[in-house]
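The next block holds one structure in the form of structure tokens; read it before the comments.
Derivation of every value follows stated rules applied to the coordinates shown; laboratory data play no part. This structure is a prediction, so every number in the text was calculated from the model and none was measured. Cβ atoms come from the backbone with ideal geometry, glycine included; neighbour counts cover every protein chain shown.
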Amino acid sequence: MAEDDPDDRIIVEHAFLEVGGKWDLRFVDDGEELMHYLRRTGNYAYSLLSPLPEFILLDLNMPKKDGRQALAEIKADPDLREIPVVIWTTSKELRDKVQCEETGAVFYITKPAGYADLIDVLQELVRRFCSG
């Protein structure tokens, strides 16, 4: 999950625990760190410590490199383009949704307002994208 808000990360982490299963969640603070993680560069050079994800939850509005830029880089990279990217944002702007879908995002999800809705969304994502 690429998310700069620590509160959002904590809530999602707790919700994944409630969904059940053994999840190996990884969090990065921005799109720049996400690309280092995915390309296994910098602090993530050791591949056993940075396995490729089954899917990515990607916030749009982050410092350094935003989600739009990171999505475009992921989908342009032959080694990464097959990883499903789910946009996870507060933006309800139609132009953001269209741009992300055209760039290759598999889902565009406006962050759920309530915890029960969050659980429902995560259950659906796990069902669709997780093998374990």
For this session: Bin width 10 Å, alpha-carbon pairs only: give the P(r) of the chain as whole percents, running from 0 to the bin holding the largest distance.
Result: 12, 46, 37, 5
For this session: Mind running the shape call on the stretch 1-65? Use the C-alpha gyration tensor, a ≥ b ≥ c as the square roots of the eigenvalues: rounded below 1.5 for a/c, prolate if a/b tops b/c, oblate otherwise.
Result: oblate
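Do any of LYS22/LYS65; LYS64/LYS111; LYS22/LYS92 go past 26 Å between their Cα atoms, and which? Don't jump to the answer; show the numbers that get you there.
Numbers: LYS22/LYS65 30 Å; LYS64/LYS111 21 Å; LYS22/LYS92 32 Å.
Among LYS22/LYS65; LYS64/LYS111; LYS22/LYS92, the Cα-Cα distance tops 26 Å for LYS22/LYS65; LYS22/LYS92.
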Exercise. How far is it, in nm, from the label point at LEU49 to the one at ILE11 when both lie 7 Å from their Cα along the line to the Cβ?
Worked result: 3.1 nm
Seminar exercise, completed: Exposure proxy check on CYS100, CYS130: fewest-to-most Cβ neighbours within 10 Å is CYS130, CYS100
For this session: Find, among the trypsin sites (Lys or Arg not before Pro) in the stretch 2-39, those assigned to loop by DSSP (not H, G, I, E, B) with at most 14 other beta-carbon atoms within 10 angstrom.
Result: LYS22
